[in-house]
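Reading through the structure tokens given below for one structure.
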Amino acid sequence: MLTNEQRAHDLSVASLPFMRDIIETKIRNGEQIVFGAYYEYKNLYTHFLSAVSEDFKDEY
């Protein structure tokens, strides 16, 4: 069985290519931003951990 931390990690890693594509589109449209994989991972992880902790709070 997966822990909520493992679930959040897996979802975060799987979402990074989509975040990269979104940021790349913004850069092409003239926005001055930088894609930082670790920064994006940390943000995604925090949000996913909160969400999966709500959905799977009764599993332990």
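Observations on the model:
- E5 meets the conditions (1) in a helix (DSSP H, G or I); (2) surrounded by fewer than 13 Cβ atoms within 10 Å (Cβ to Cβ) in every case but one. The failed one is (2).
- Members of region 15-41 found to be within 12 Å of the chain's Cα centre (by Cα), among the hydrophobic types (A, V, I, L, M, F, W, C) and open to solvent by 60 Å² or more (accessible area, probe 1.4 Å), listed by number: F18
- Those residues of region 42-60 which are open to solvent by less than 50 Å² (accessible area, probe 1.4 Å) and in contact with a Ser or Thr (Cβ under 7 Å, 6 or more places away or on another chain), in sequence order: L44
The values are calculated or read from the model by the stated rules, or taken from the named source; none is laboratory data. As the structure is a prediction and not an experimental result, all values here were calculated from the model. In this analysis, Cβ positions are derived from the backbone assuming ideal geometry, glycine residues included, and neighbour counts consider all displayed protein chains. Protein only, heavy atoms only, side chains kept; ligands, DNA and RNA dropped before computing areas. Shrake-Rupley method; radii C 1.70, N 1.55, O 1.52, S 1.80 Å.
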